[in-house]
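The values are calculated or read from the model by the stated rules, or taken from the named source; none is laboratory data. As the structure is a prediction and not an experimental result, all values here were calculated from the model. Glycine gets a Cβ as well: all are built from the backbone with ideal geometry, and neighbour counts include every protein chain shown.
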Amino acid sequence: MTMTRFDWIHRIRAAALAMACLALAPAVQGQTTLQCTMQTSPATIWFNDVSVARDVAAGTPLSEVVSTSTSVNCPANPGPTNNGFLLQYYPAVPVSSVVPDVWETGLPGIGVRVLNVDYNNRDLSRVGSGSWGAFAPDITSASPFTGSYTFTYQLIKTGQATTTGTVVVPHMFTLVSHNVPANVTSPPLSQVGIGNTTVTARSCSVSTPSIAVTLPTVVRSLLSPVGATAGETGFQIGLTCDVGATVYVTLSDATTPGNRTDQLTLTSGSTARGVQLRITRPTGESISFGPDSALAGTVNQILVGPSDSTSAIPLRVRYISTGEVTPGTVNALATFTMSYQ
């Protein structure tokens, strides 16, 4: 049969159309992969403004508990061997290196703990950015699923709070579903962030960072027998404090840092023998030395009082005999470390 030019063109167009249809078929199939839908309310959480003392122990709650509710709706999803969906979350923030069930917020010393109270108080904030976890039980039924989950949030101390600033985390974590039969994870379905929350760090400034104390000259007989004291002299550590903290101090022996007694070691330039120094409170209570640390609970850390009524720490120092006293010069060096809790 003789074929016209029109017939050739018609056949070529028909072939091209068939090829186009074949090329489109896989894309349509991929777009129809079943996934759940999710909605979280509110998507941004807010805390009341927080005031925190600089050295409050890591792990201490700092804020009220706020909550969100996430509704989950999943279609029937039977498979040849496995059914349903996995409900997963992907954090966008790291886990604290100090408090391992808390996320860092970006403001030094301030983290956030997140729990799913409807999943045995599952601690979501144990998993950090770059990993994922299950925020709810796996859906293993082939039937449709509808559920709701309440997440709670609380600001937690993770270290020294040295900076007054704002906690804001626009994207804290993302929620997705994973189609088990198809082995396909959905795009982000919901996410939660933290809105602006002001955190005020409370501490004191020391107005007397270096204190020289001169004790009187005493006669040797005043330091007999062993344990006798003499030459008591007063001094004080000056402070200017923010309201809202409790003030503590630790004295350390600079010559013998491991000293945990209440007798201060003399420096190598001292020529007197059989004598040391003892620092006391105005009541006469002796102060034992501890490590140079501001951490709450430091060995031999002593309570001073509330910051709003503390402007100075009054102390006294005296000679104490430790053996046969040899006259000479007495020099010693102690340091003090403030802690605001």
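Quick look at the values:
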quantity	calculated
Subset of region 234-255 [β-branched (V, I, T) and surrounded by fewer than 14 Cβ atoms within 10 Å (Cβ to Cβ)]	T240, V243
T322 being over 37 Å from the mean Cα position of the chain (by Cα) and free of Cβ contacts under 8 Å to residues at least 12 places away in the same chain	no
Subset tally (residues that are crowded, with 18+ Cβ neighbours inside 10 Å and over 12 Å from C36 (Cβ atoms)) for region 175-199	5
Test: residue in region 206-228 that is in contact (Cβ under 8 Å) with a residue 12 or more places away in the chain, under 27 Å from the mean Cα position of the chain (by Cα), assigned to a strand (DSSP E or B) and more than 18 Å from G323 (Cβ to Cβ)	yes
Residues that are of a type outside the set (S, T, N, Q) and in a strand (DSSP E or B), drawn from region 125-155	G133, A134, I139, F145, G147, Y149, F151, Y153, L155
Matching residues in region 117-127 - criterion: being surrounded by fewer than 20 Cβ atoms within 10 Å (Cβ to Cβ) and either closer than 15 Å to Q191 by Cα or of a type in the set (D, E) (or both)	D118, D123
Pair list, Cβ < 6 Å and 6+ apart or interchain, from region 132-161 residues that are in the same structural domain as N48 (by the TED database) and farther than 17 Å from T40 by Cα to residues that are basic (K, R) and in a strand (DSSP E or B)	Q154/R113; I156/R113
Leading residue by the ranking (surrounded by the fewest Cβ atoms within 10 Å (Cβ to Cβ)) among those in region 151-174 that are in contact with a Ser or Thr (Cβ under 7 Å, 6 or more places away or on another chain) and under 30 Å from S141 (Cα atoms)	T152
Positions within region 99-131 being within 16 Å of S69 (Cβ to Cβ) and either among the hydroxyl-bearing types (S, T, Y) or not assigned by the TED database to the domain that holds N82 (or both), in sequence order	Y119
Residue list for region 159-202, filter: in a strand (DSSP E or B), polar (S, T, N, Q) and closer than 30 Å to N73 by Cα	T174, S177, N179, T185, S190, Q191
